[in-house]
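The values are calculated or read from the model by the stated rules, or taken from the named source; none is laboratory data. Computed from a prediction, not measured in an experiment: that's the story for all the values here. In this analysis, Cβ positions are derived from the backbone assuming ideal geometry, glycine residues included, and neighbour counts consider all displayed protein chains.
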Amino acid sequence: MPSSAVKIVGLTKAFAANRVLRGIDLVLNSGEITVLMGANGAGKSTLVKVICGVHAPDAGSIELYGKPFNPTTPSAAIRAGVVTVHQSINDGVVPDLDIASNLMLDRLAEPGSSFFINKRKIRAEARKIAADMALNFDVTQLVSELTLAERQLVAIARAMARQPKLLILDEPTSSLSAIEAERLFELLDRLRESGVAILYISHRMSDIRRIADRIVAMRDGEITGVFEDKPLNYESAVDAMLGHAMSDVDLDFKSPGTPMLKLDKICLRRGSEPISLDFYSDEVVAITGLVGSGKSELADVLFGLSKPASGKMTLLDKEYRPGSSESAIKAGVFLCPKDRASNAVIQGFDITGNITLPFLSRYSSLSFLSSAKERDIALGTIEKLGIVCQSEKDGIGTLSGGNQQKVMVGRWLSQESEVLVLDEPFQGVDIKARRDIGQKIRDTTKGRVTIVMASEMDEVLEIADRIIVMGEHTIKGRHQNSNIDINLVLAQVAGLAAADELLVN
Amino acid sequence: MKSETNKSAQDAGTNKPGNGSKLTDFVIRYGFLALLLGMVLFFSLAAEGFAGPYSAVFIFQSVAITGILALGVTATLVVDGFDLSIGSIATSALMLSAYVMVVWEMNAFVAVAACLVMGAFVGFINGILIVKMRVPDLLATLGMMFLLIGLQRIPTEGRSIATGMKLPGGEVANGKFPPEFLALGRHRLDFFIDNLIPLSVVFLVVIAILVWVFLELTRHGRLMYAIGSNERAASLAGTNVNRYKIIAYMISGVLASVGGILLSARLGRGDIASGNNLLLDAVAAALIGFAVLGAAKPNAFGTAIGALFVGILLQGMTMMNAPYYTQDFVKGAVLVVALVFTFALSGRRGGGHT
């Protein structure tokens with residue numbers, strides 16, 4: 001019988017009139033992974049912030065191994081053994097230092113650690129930490145040279161180095177590939193065995209199925225369901241989180257219209273297999289594959305951010321060679337980029353400013369902006385996508401993650417396009433917002449090529465008419481979604497199909 | 001006016017997660033303007049002769065040049081840059097205009113044109129250093145500052161330029177500052193009272209309005225703010241980031257040289273030692289501007305108010321016989337208070353992310 005590590009009783013927290021947490025009772029056991037599910041805005045992040053010392057609760061108590069635990073600062077929480085890996089990766093690493101220094105940063109910051117830095121010793125200890133986690137990094141490498149996924153692993157490794165009693169992970173896999181995520185899960189398995197209590201926040205069903213010992217569902221600041229009887233009832237957990245049953249998506253598959261965009265022997269890098277692919281109007285093509293499979297490179301080529309090593313693109317029977325994002329937009333090719341916080345959101349602007357940004361020349365005459373035109377477009381987009389806000393002048397930062405993502409997608413739906421590329425449009429949004437966004441994308445495909453880059457199979461199956469699997473910077477498989485062999489798709493994604501072919505030959 | 005309602009909406013929105021107290025919001029938005037008003041009232045009562053048209057005009061005149069420079073810095077701050085070379089661009093324009101008129105004996109028009117071209121060129125080079133050579137903005141413009149301070153001394157071997165001076169070659173410079181050039185800095189327009197408003201004040205007001213219109217009402221200004229907030233996102237939305245950054249530094253360079261021309265016209269000689277305070281005063285005005293109306297971002301209106309604030313404070317203190325050497329201390333104190341206004345009080349917008 002696992003012992004309770006953390007006991008939360010009657011926790012409440014309000015920001016002004018907004019009661020974000022309305023009496024949370026929650027027990028987290030040692031040696032157990034508790035998955036916390038909740039829609040955007042349910043109060044998950046606030047709960048985490050209270051536990052890790054960022055916010056003080058208004059009422060209620062937290063006990064850590066039977067002792068009252070009232071951290072006033074994040075560092076107090078860490079000293080007490082509560083370690084959090086936050087969603088935004090760059091909070092967890094210092095890009096300009098090498099991996100070793102990052103892993104040992106907390107040791108360096110401890111009072112009483114020696115004044116001079118012993119590089120060799122630090123590197124040796126860092127290598128040990130990395131080895132414990134089965135990370136084969138060169139620890140002298142700078143973090144700024146790592147990919148986002150690798151940085152996330154370093155951030156998590158750094159949290160492990162503190163030997164936590166309670167480890168909180170806030171959507172740790174949202175930018176990891178399946179293989180990298182599996183490395184993380186193996187690590188979590190080991191931590192669970194060593195008796196650490198783990199609170200794991202995620203929207204990804206595949207994560208939850210893989211690691212959850214129990215599921216706690218949260219909605220509107222309250223716990224709406226605790227599921228711990230094996231086998232775990234995932235459907236009920238989702239229902240408890242949403243407050244109503246979620247139906248499966250019924251896709252009415254669209255027949256492709258006219259061919260609009262042709263890729264002719266495009267080589268994404270020198271030496272990679274050429275890609276030849278036709279895109280038709282009205283259909284949604286999902287491109288899936290692991291991180292590093294070439295999806296992002298293809299998006300970059302389509303949007304003029306980089307040039308293919310060779311090959312030719314034709315858009316509406318004319319050669320299409322965008323030299324920049326500016327010229328791509330002019331040609332009617334839009335890209336809704338992934339990682340909205342770093343690539344899309346203008347924090348200083350309100351909702352209107354964020355929606356109208358790429359098309360300001362269309363809302364201005366002689367360079368003078370027309371606020372009436374901007375407002376019309378913004379109100380239309382808010383209405384169309386069901387963005388929850390007080391007014392179109394709300395600061396973008398006041399919106400929940402799902403609503404921010406709706407604004408970003410709405411930005412590119414607010415004007416007609418020939419080709420719309422959406423790179424991971426469902427990143428970090430809950431299932432409700434995901435369905436809303438997906439529905440809106442599918443509703444508007446008439447007369448346009450729609451390409452969705454997604455690595456999650458659930459998302460791909462929900463949105464696509466046609467599915468292209470990419471790997472090693474080329475196409476590994478082509479499927480129609482209507483009668484799809486999911487196992488074959490998954491094998492192609494993992495690169496297994498290619499291996500099979502090699503064996504046959 | 002849209003921009004202001006925008007700002008208020010943003011403030012109201014972003015402050016919501018805090019305790020949302022209306023008083024704090026009010027203080028953040030109008031605190032600095034209230035302080036300005038209170039200061040004017042105080043000096044009007046305490047210092048005889050403070051409240052009058054001549055005193056007001058004097059204040060405006062004293063801040064005209066730094067105000068124009070500060071508007072230039074504001075343009076670079078908007079794209080999340082910084083221009084440390086404005087002071088030296090202004091003094092270079094001062095020396096260049098004097099050299100053109102006194103040594104080369106050319107007319108006022110050529111002198112003004114040469115200065116404006118020089119300012120635009122230096123701004124362009126700053127932009128290229130930052131955008132293409134990837135030199136961080138502070139370092140690039142710091143380097144440019146040193147370069148210009150040195151360069152402006154070379155032609156005259158470090159001496160000031162005045163009619164009748166001896167040139168390094170031995171001959172005597174016979175050119176003069178033509179009256180139409182001097183008028184730029186000295187002429188006063190009639191406004192109810194004869195000879196009331198100096199031309200330089202008119203320049204300040206016109207430039208402030210132009211910069212405000214450009215930043216707040218045009219799509220170019222909007223895109224520059226977008227670049228300042230999230231450069232990568234702006235670029236992925238199709239903005240030519242490099243071009244706008246270079247433009248920002250060119251605006252800064254041109255406005256700094258306008259300041260230099262006005263200084264030259266006021267002094268009537270190429271004084272090698274003037275303009276030392278221009279950089280710090282202008283930067284202070286632009287940063288104080290962050291606090292005006294709770295904008296918490298660089299803005300033209302705030303910059304103009306910031307420059308005025310410092311001017312009124314110094315004039316008032318002078319009239320109350322505060323010694324001159326306390327001025328820099330007072331300016332520094334005002335700047336620190338303004339920065340507290342901006343970052344501590346309204347800084348909760350940043351607090352949400354940490």
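Given the options B:F214, B:F191, B:F203, name the one that is of a type in the set (A, V, I, L, M, F, W, C) and farther than 24 Å from B:G253 by Cβ.
On the way: B:F214 fails: farther than 24 Å from B:G253 by Cβ; B:F203 fails: farther than 24 Å from B:G253 by Cβ.
On inspection, the qualifying residue turns out to be B:F191.
For region A:220-233, how many residues meet the condition of being in contact (Cβ under 8 Å) with a residue 24 or more places away in the chain and either touching a helix residue (DSSP H, G or I) at 6+ places or on another chain (Cβ under 6 Å) or part of a loop (DSSP other than H, G, I, E, B) (or both)? Explain how you work it out, then say what you get.
So in region A:220-233, the residues in contact (Cβ under 8 Å) with a residue 24 or more places away in the chain come out as A:220-223.
Now restrict to residues that are either touching a helix residue (DSSP H, G or I) at 6+ places or on another chain (Cβ under 6 Å) or part of a loop (DSSP other than H, G, I, E, B) (or both): A:220-221.
Looking only at that region, the number is 2.
Across region B:230-249, what is the number of residues that are among the hydroxyl-bearing types (S, T, Y) and either more than 9 Å from every other protein chain (Cβ to nearest Cβ) or touching a residue at least 24 places away in the same chain (Cβ under 8 Å) (or both)?
First, pick out the residues of region B:230-249 that are among the hydroxyl-bearing types (S, T, Y): B:235, B:239, B:244, B:249.
Of the ones still in play, those that are also either more than 9 Å from every other protein chain (Cβ to nearest Cβ) or touching a residue at least 24 places away in the same chain (Cβ under 8 Å) (or both) are B:244, B:249.
Total satisfying the criteria: 2.
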Filter region A:328-339 for residues that are at the interface with another protein chain (Cβ under 10 Å from one of its Cβ atoms) and more than 17 Å from A:F279 (Cα to Cα); the one that is surrounded by the fewest Cβ atoms within 10 Å (Cβ to Cβ) is A:K330
Filter region A:260-277 for residues that are exposed (fewer than 14 other Cβ atoms within 10 Å of the Cβ) and closer than 17 Å to A:E319 by Cβ and give the result.
A:K265, A:S276
Condition met for B:A273 (assigned to a loop (DSSP other than H, G, I, E, B) and either of a type in the set (S, T, N, Q) or away from every other protein chain (no Cβ under 14 Å) (or both)):
yes
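Let's see how each residue does on (1) in contact with a Cys (Cβ under 9 Å, 6 or more places away or on another chain); (2) more than 9 Å from chain B (Cβ to nearest Cβ); (3) under 18 Å from A:N18 (Cβ atoms); (4) not small (G, A, S):
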residue: A:I351; (1), (2), (3), (4): yes, yes, no, yes
residue: A:L357; (1), (2), (3), (4): no, no, no, yes
residue: A:L360; (1), (2), (3), (4): no, no, no, yes
residue: A:L369; (1), (2), (3), (4): no, no, no, yes
residue: A:A378; (1), (2), (3), (4): no, yes, no, no
residue: A:I382; (1), (2), (3), (4): yes, yes, no, yes
residue: A:G397; (1), (2), (3), (4): no, no, yes, no
residue: A:S400; (1), (2), (3), (4): no, yes, yes, no
The lone condition B:V283 fails out of (1) outside any helix (DSSP H, G or I); (2) at pLDDT 90 or above; (3) of a type outside the set (G, A, S) is (1)
Within region B:206-227, which residues are more than 7 Å from chain A (Cβ to nearest Cβ) and farther than 24 Å from A:V333 by Cα?
B:V206, B:I207, B:A208, B:I209, B:L210, B:V211, B:W212, B:V213, B:F214, B:L215, B:E216, B:G221
Determine the pairs where a residue that is at pLDDT 85 or above, located within region B:314-331, has a partner that is loosely packed, with under 13 Cβ neighbours inside 10 Å and assigned to a helix (DSSP H, G or I) with Cβ atoms under 7 Å apart, the partner being 6 or more residues away or on another chain.
B:M320/B:A46
Within the set of pairs 6+ apart or on separate chains, which have a first residue in region A:106-124 that is hydrophobic (A, V, I, L, M, F, W, C), a second that is modelled with pLDDT of 75 or more and not in a helix (DSSP H, G or I), and C-beta atoms under 7 Å apart?
A:I122/A:M104
Quick check on my filter: what residues within region B:161-181 are within 13 Å of B:N107 (Cα to Cα) and surrounded by 14 or more Cβ atoms within 10 Å (Cβ to Cβ)?
B:G175, B:K176, B:F177, B:P178, B:F181
Considering only residues of region A:340-349 that are facing chain B (nearest Cβ under 7 Å) and of a type in the set (G, A, S), which is farthest from the chain's Cα centre (by Cα)?
A:G348
Take the residues of region A:287-327 that are among the acidic types (D, E) and within 14 Å of chain B (Cβ to nearest Cβ): which is nearest to the chain's Cα centre (by Cα)?
A:D300
Just give me the residues in region A:201-218 being of a type in the set (S, T, N, Q) and within 12 Å of A:M241 (Cβ to Cβ), in sequence order.
A:S202
Total residues in region B:237-251, condition surrounded by fewer than 22 Cβ atoms within 10 Å (Cβ to Cβ) and in contact with a Ser or Thr (Cβ under 6 Å, 6 or more places away or on another chain)
1
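Condition first: small (G, A, S) and either without any contact (Cβ under 8 Å) to a residue 24 or more places away in the chain or buried (at least 19 other Cβ atoms within 10 Å of the Cβ) (or both). Now tell me which residues in region A:195-219 satisfy that.
Within region A:195-219, the first condition is being small (G, A, S), and the residues that meet it are A:195, A:197, A:202, A:206, A:212, A:217.
Of everything in region A:195-219, those that are small (G, A, S) and either without any contact (Cβ under 8 Å) to a residue 24 or more places away in the chain or buried (at least 19 other Cβ atoms within 10 Å of the Cβ) (or both) turn out to be A:A197, A:S202, A:A212, A:A217.
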Are there any helices (runs of 4 or more DSSP H) wholly within region A:396-505 with 1 or more residues that are buried (at least 23 other Cβ atoms within 10 Å of the Cβ), and if so which?
A:401-413, A:431-443, A:457-463, A:486-494
